[in-house]
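Here's the structure we're looking at; comments come further down.
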Ligand SMILES: NC(=O)C1=CN([C@@H]2O[C@H](COP(=O)(O)OP(=O)(O)OC[C@H]3O[C@@H](n4cnc5c(N)ncnc54)[C@H](O)[C@@H]3O)[C@@H](O)[C@H]2O)C=CC1
Ligand SMILES: O=C([O-])CC(=O)C(=O)O
């Protein structure tokens, strides 16, 4: 297998490291900054003897090295600074995305695209429109990361392991994100039965603000350890054709009564990308929250620059 990571910054380089250390695919790392992808790839290659991986990792400013990739992960773009929303990145990152998708697709016409760049729901939508690929081959990072955050906060609150939690976070990777306590399972029981409503709300609020919390603490960077781990988890499901269900930013065609919009929903991932979208039996209130979230994404989609 061959995996390309575009953007050799915090998320991209950490992801490339996670992938090469798993030793199941060659990794190509691309960035516009001269020397950075080359240097980071060279540095990682020099850990092969100690770590024992045998696949190749290369870095370049040219897409030549990415040719024939099975999966392209796009992390290229600008990260937000304290006080900014992800939506404020839409103009600048849309320009970057268009270039990255066109150049990647030209040399890897059969690739699956995993989008990380923010605002991720809108960037995933843009990728679908620019590439004209079928929707199973384009999806974005959202619910795996947001669910991982919810699991971490639940673990602290209930004194359980994060791995005891099967989280359910859907909708926009942004302010209208929806946390579903009925579908978040802790050691076999729904969160809605384990903590009272004020506590559920507090956990949800911290999850919605999970990215901003880290930006506010670090000031010069947004999160990248949990994001890169989340993407590696998604890539692994594709590479192993596992069929594992996880919440990703996906294009809807009537699922949940929504169409022509990208939001986070449960999907099953395998070798061809999205195998199918899973429709949870949401009640009227839960569905209304998801629809409101889709409306929020539509507003950002409407703000996409024409070119
Ligand atoms: N969807 C999600 O859950 C998450 C999304 N993100 C987003 O991912 C993006 C990257 O975040 P970081 O890695 O922390 O930022 P970063 O600033 O550390 O890295 C971004 C890299 O993209 C490169 N780049 C810029 N324009 C490019 C182009 N045209 N072609 C190739 N490379 C280009 C930059 O040179 C830089 O190395 C941001 O938009 C951030 O908001 C980050 C974490 C989670
Ligand atoms: O907060 C940000 O800007 C980066 C991101 O999407 C996250 O960490 O969830």
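Where does helix 120-131 land angle-wise versus the long Cα axis of the chain, in degrees 0 to 90, nearest 10?
50
May I ask what percent, to the nearest 5, of DSSP beta bridges between residues of the chain are antiparallel?
Numbers: 22 of 42 bridges.
Bridges in the chain that DSSP calls antiparallel: roughly 50 percent.
Pop the C-beta distance of residue 280 and residue 42 into the FRET formula with R0 = 41 Å and round what comes out to the nearest 0.05.
According to the calculation, E is roughly 0.35.
Using Cα pairs closer than 8 Å and at least 6 residues apart in sequence, work out the relative contact order for the stretch 169-307, in percent.
Relative contact order of the stretch 169-307: 24 percent.
Residue 196 to residue 242: extension gain in nm, 0.36 nm per residue of separation minus the Cα-Cα distance? Walk me through the numbers before you get to the answer.
Details: separation 46, 0.36 × 46 = 16.56 nm, distance 3.54 nm.
Stretched fully, the residue 196-residue 242 segment lengthens by 13.0 nm.
Give me the one-decimal nm value for the distance between modelled label points at residue 60 and residue 163, 7 Å along each residue's Cα-to-Cβ direction.
3.9
Helix-derived [θ] at 222 nm for the chain: sum -39500 (n - 2.57) over DSSP H runs of at least 4, divide by residue count, nearest 500?
For the chain, the value works out to -13500 deg cm²/dmol.
Return one number: the angle in degrees, 0 to 90 and rounded to the nearest 10, between the long axis of the Cα atoms of helix 10-22 and the longest principal axis of the Cα atoms of the chain.
80
Could you work out how far apart the two model spin labels at residue 229 and residue 295 are, taking each label as a point 7 Å from the Cα in the direction of the beta carbon, and quote it in nm?
Here the answer is 3.6 nm between the modelled labels.
Which angle between 0 and 90 degrees, to the nearest 10, do you get for helix 90-107 versus the longest principal axis of the chain when only C-alpha atoms count?
Relative to the chain, helix 90-107 is tipped by roughly 50 degrees.
At a Förster distance of 35 Å, what's the computed FRET efficiency of residue 288 paired with residue 155, Cβ-Cβ distance as r, to 0.05? Working shown, then result.
Values: r = 29 Å, r/R0 = 0.84.
Working from the Cβ atoms, E equals 0.75.
Which whole-number percent gives the relative contact order of the chain, counting Cα pairs below 8 Å spaced six or more residues apart? If you can, show how the numbers build up before the last one.
Values: 624 pairs, mean separation 53.1, N = 307.
That works out to 17 percent.
Would you mind classifying the stretch 206-303 by shape? Square roots of the alpha carbon gyration tensor eigenvalues, ordered a ≥ b ≥ c; an a/c under 1.5 is rounded, otherwise it is prolate if a/b is larger than b/c and oblate if not.
oblate
State the percent of C-alpha pairs, over all pairs in the chain, separated by a distance greater than 37 angstrom.
Numbers: 5226 of 46971 pairs.
Of all Cα-Cα pairs in the chain, 11 percent lie more than 37 Å apart.
If each residue's Cβ is checked for other Cβ atoms within 10 Å, how do 295, 21, 197 rank with the fewest at the top? Walk me through the numbers on the way to the answer.
Values: 295 14, 21 17, 197 9.
By the 10 Å Cβ count, ascending: 197, 295, 21.
No value in this document is a laboratory result; all are computed from the given coordinates. Just so you know, these numbers come straight off a predicted model, no measurement behind them. Quick reminder, even Gly has a Cβ in these numbers, built from the backbone with ideal geometry, and neighbours come from all protein chains shown.
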